[in-house]
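**Q** Pasting a structure here, questions to come.
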Amino acid sequence: MAQAAAVGALLGASTAFLAPSAAPAPAPALRGAPHSSRDSTGPGLAGAAGVGAAALGLGLLAARPAATACRAAAVKKKGVKVVHGKEIPWNLFSPKAPYQGKVVENDVHKQTLTEPTGDANWETTHVTFDHGGKVPYIEGQSIGVIAPGPDKKGEQPAKIRLYSIASSAVGDDQTSKTVSLCVKRVVEVDGKFANRQKGEDKPDKAGTAYPENQVYRGVCSNHICDMTPGDEVLITGPTGAEMLLPEDPEANIIMLATGTGIAPMRSYLRLLFHDKAGASSDGGRKFKGKAWLFMGVPYSKSLLYDDEHQTYKKAFPDQFRYDYAVSREQKNAAGQKMYIQTKMAEYAEELWEMMQDEKTHVYMCGLKGMESGMAECFGPIAEKNGLVWTEFAKAMKKADRYHVEVY
Ligand SMILES: Cc1cc2nc3c(=O)[nH]c(=O)nc-3n(C[C@H](O)[C@H](O)[C@H](O)COP(=O)(O)OP(=O)(O)OC[C@H]3O[C@@H](n4cnc5c(N)ncnc54)[C@H](O)[C@@H]3O)c2cc1C
Ligand SMILES: NC(=O)c1ccc[n+]([C@@H]2O[C@H](COP(=O)([O-])OP(=O)(O)OC[C@H]3O[C@@H](n4cnc5c(N)ncnc54)[C@H](OP(=O)(O)O)[C@@H]3O)[C@@H](O)[C@H]2O)c1
């Protein structure tokens, strides 16, 4: 029963910006939920449900945000953060007391998503962890992973690395007990740093090795990319409030991703167009707006989740648009390298119009250079309309319609 309640609470709550179709069972009070227990057993499932139901309250608590906010203000709760009057799960597990999860087989995606390109860092993986329902999260958040190390300065275990969550709140298997990441394997050959001297580099799980060279292998990304079902993983978080979806089911969503910056976008798209949690009682989707994904990758062999995007495009042609820029294979009419902003420039008028609509949200994730790319793309059109792009972008940010997580 407790398990069913936990899953139900998480499923209902995972609708993020979507109001629940039926009144949920009363959420167990957060106070008293065993947040303090962070040992290997973690909070019990019922405790996790308590956290989930209230913490994932973007949807569940939509009808009573003021009361929720007041309660949260009065009692500073562990494991939740109040964002725009709603509670979201927050740092349930710290680096000192992480959750110990297990790697599980993912029947939605094979682990390696990309194909060899000739570059040392060609591999990006999709890895799924079982969290037993104890690390609830919502779309747009991140978790931390602690690798055994040694880290750059020899620390063991290594310091945490953050990863954007690539699965929706219910997880790829829709049990609310798994979380998936999209991780690029960092491999640098004969670069500035090395943690394998000549002769030391051994084939990784994908079979790549550079025994003739000095190699730097990213500490945590290699730890994750080499994982096999059954392996243990140390998880912290969840964290992150910048990339959350709006509550309005009629919102429009423009997504801009370079490389693994696709992770949060995948999380949104699973909820919007795939999961049972995003389906309405008439068999349609709760999401009624438009979603437009722009993705930038170096090679067509590195197009991440292309199969899923093509499926959504086919099934929801009036709601989902998908464009990509393959930087090392495509050029625009002027012979320029095809970056995400070069591709967007082809639709600048249409995108600009969309952004004038208060229901439109822009999400950007990946390389930092995308921000100046946006200025290149929209600067001229903003000027034509008597505006300055940077000011317009600032106003959108202030209105919580321009969400940026770049690194
Ligand atoms: C919010 C957030 C979300 C993220 N989401 C994702 C995601 O979804 N997917 C993803 O793949 N990544 C993501 N990242 C990046 C991720 O956190 C890691 O930074 C990435 O995986 C590399 O970690 P690593 O341990 O493998 O590499 P590291 O071992 O940390 O190496 C990183 C770099 O440090 C350099 N280096 C080595 N030694 C030294 C030294 N002594 N001094 C200085 N530099 C040195 C190396 O040359 C290398 O380029 C995200 C980052 C943030 C902040
Ligand atoms: N939440 C977060 O903060 C978050 C989440 C996920 C990932 N990330 C970060 O995002 C980055 C993604 O890197 P990746 O290695 O996965 O990507 P990648 O596979 O190398 O793809 C990046 C693409 O962006 C292009 N590009 C380079 N400079 C650009 C610019 N100024 N403007 C637009 N596009 C540009 C690249 O082109 P060329 O290489 O051909 O020049 C390439 O096509 C990583 O640094 C990762 O840490 C951050």
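The values are calculated or read from the model by the stated rules, or taken from the named source; none is laboratory data. If you're wondering where the values come from, they're calculated on a predicted model, not measured in any experiment. Positions of Cβ are backbone-derived with ideal geometry, glycine not excepted, and every protein chain shown enters the neighbour counts. All accessible areas refer to the heavy atoms of the entire protein, side chains included, with ligands and DNA or RNA removed. Shrake-Rupley method; radii C 1.70, N 1.55, O 1.52, S 1.80 Å.
**Q** What value in Å³ per residue do you get for the convex hull of the alpha-carbon atoms in region 84-181?
**A** Dividing the Cα hull volume of region 84-181 by its residue count gives 136 Å³.
**Q** By accessible area of protein heavy atoms, probe 1.4 Å, what ranking do Trp122, Trp292, Trp90 get, highest first?
**A** The ranking, largest first, comes out as Trp90, Trp122, Trp292.
**Q** Given a 1.4 angstrom probe, I'd like the percentage of the accessible area of region 288-344 that is carbon and sulfur, rounded to a whole number.
**A** 49 percent
**Q** Sorted by accessible area with a 1.4 angstrom probe, largest first, how do Leu271, Leu162 fall?
**A** The residues order as Leu162, Leu271, largest area first.
**Q** Sticking with this one: Modelled label-to-label distance, Lys394 and Lys153, 7 Å Cα→beta-carbon offset: nm?
**A** 3.7 nm
**Q** I would also like to ask the following. Percent of Cα-Cα pairs more than 26 Å apart in region 232-371, please.
**A** Working: 2513 of 9730 pairs.
In whole percent, the long-distance tail amounts to 26.
**Q** If one puts a single equal scatterer on every Cα of region 122-266 and applies the Debye formula without solvent, what log₁₀ I(q)/I(0) results at q = 0.16, 0.17 Å⁻¹?
**A** -0.90, -0.99
**Q** Tell me, what is the percent relative contact order of region 249-407, built from C-alpha pairs under 8 Å that lie six or more residues apart?
**A** Numbers: 245 pairs, mean separation 40.6, N = 159.
In percent, rounded to a whole number, it is 26.
**Q** Quick check on region 233-308: what are the equivalent-ellipsoid semi-axes from the Cα gyration tensor, as sqrt(5λ), descending, whole Å?
**A** 23, 18, 13
**Q** Same structure, new question: Roughly how many Å² of Lys397 are accessible to a 1.4 Å probe, to the nearest 10?
**A** In the full protein context, Lys397 sits at about 90 Å².
**Q** Calculate, axis by axis, the spread of Cα positions in region 341-403 along the three principal axes, and write the results as whole Å, longest axis first.
**A** Computed over the Cα atoms, the extents are 25, 24, 18 Å.
**Q** Same structure again: Over region 299-392, give the accessible area per residue in Å² for a 1.4 Å probe, as an integer.
**A** Roughly 54 Å² per residue, with all protein chains present.
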